[in-house]
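Let me give you the structure first, and then I'll get to my questions.
Just so it is clear, none of the values below were taken in a lab; they were calculated from the coordinates. Keep in mind that what you see is a predicted model, and the values were worked out from it rather than measured. Positions of Cβ are generated from backbone atoms using ideal geometry, with glycine treated the same way; all protein chains shown enter the neighbour counts.
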Amino acid sequence: MMKETSVKYEKPRSKGKKAVEYEYTLIGGHNEGTLQIKTRRLPPKRINLSSDMLYTQKKDGRVSIEKWTGKKLPPNWLSSMLEIYEIDGKEPQGELNPVYRYIDHQMVDRCSAKTQKGKRCMKAALPGKNYCYVTHKSPK
Ligand SMILES: [Zn+2]
């Protein structure tokens with residue numbers, strides 16, 4: 001006799017609950033493959049991932065395009081390209097592993113502000129803005 005099995009999914013988790021490990025499947029784009037994500041939140045509708053393209057500025061001022069491994073940004077980065085993925089089909093369901101499809105790409109510029117040490121802020125500027133979400137003191 002076959003034993004009846006059922007997969008039980010818990011209700012969506014909220015803050016304060018223990019983190020769940022998801023496997024995101026990414027279809028299309030440079031990030032195609034799977035991604036292990038440990039999070040307390042539900043998988044979002046949309047995710048932005050780095051592509052393999054990065055603009056950097058050389059010491060002589062020239063701008064060059066480099067292949068980016070997606071790890072740490074180099075101190076001379078100017079802008080990077082993000083790949084936008086949207087969840088496939090329905091809304092995220094509880095703890096099911098989501099599938100994302102590549103829908104678009106977006107350039108992200110570096111924040112123009114200088115830090116107190118006189119170096120350029122390493123963070124990415126907000127969309128359509130010159131500065132990141134940090135409030136910088138203007139260096140006057
Ligand atoms: Zn900044």
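What ranking do Ser64, Ser79 get, fewest neighbouring Cβ atoms within 10 angstrom at the top?
Ser64, Ser79
Something else about it: Would you tally the net charge around Asp52, using a Cβ to Cβ cut-off of less than 10 Å, leaving Asp52 out, and scoring K and R as +1, D and E as -1?
For residues surrounding Asp52, the net value is -1.
As an exercise, use a Förster radius of 30 Å and the Cβ-Cβ distance of Gln36 and Lys129 to find the FRET efficiency, rounded to the nearest 0.05.
0.40
Next question, about the same structure. Taking neighbour Cβ counts within 10 Å as the exposure measure, how do Ile37, Ile103 sort from fewest upward?
Placing the least packed residue first, the sequence is Ile103, Ile37.
Pull out a ≥ b ≥ c, the square roots of the eigenvalues of the alpha-carbon gyration tensor of the stretch 20-109, then state rounded if a/c is under 1.5, prolate if not and a/b is larger than b/c, and oblate in the remaining case.
Judged from the Cα gyration tensor, the stretch 20-109 comes out prolate (a/c at least 1.5, a/b above b/c).
Of the cross-linked pairs Lys58/Lys119; Lys45/Lys123; Lys38/Lys67; Lys38/Lys71, which ones have a Cα-Cα span greater than 22 Å in the structure shown?
Lys45/Lys123; Lys38/Lys67
What nm value, rounded to one decimal, do you get for the distance between Asn76 and Asn97 when each label is placed 7 Å out toward the C-beta?
Between Asn76 and Asn97, the simple spin-label model gives 4.1 nm.
Need one number: % antiparallel among DSSP beta bridges in the stretch 20-109, to the nearest 5.
Just about 90 percent of them are antiparallel.
Within 13 Å, Cβ to Cβ, of Arg120, how many net charges do the neighbouring residues add up to if Lys/Arg are +1 and Asp/Glu are -1?
+4
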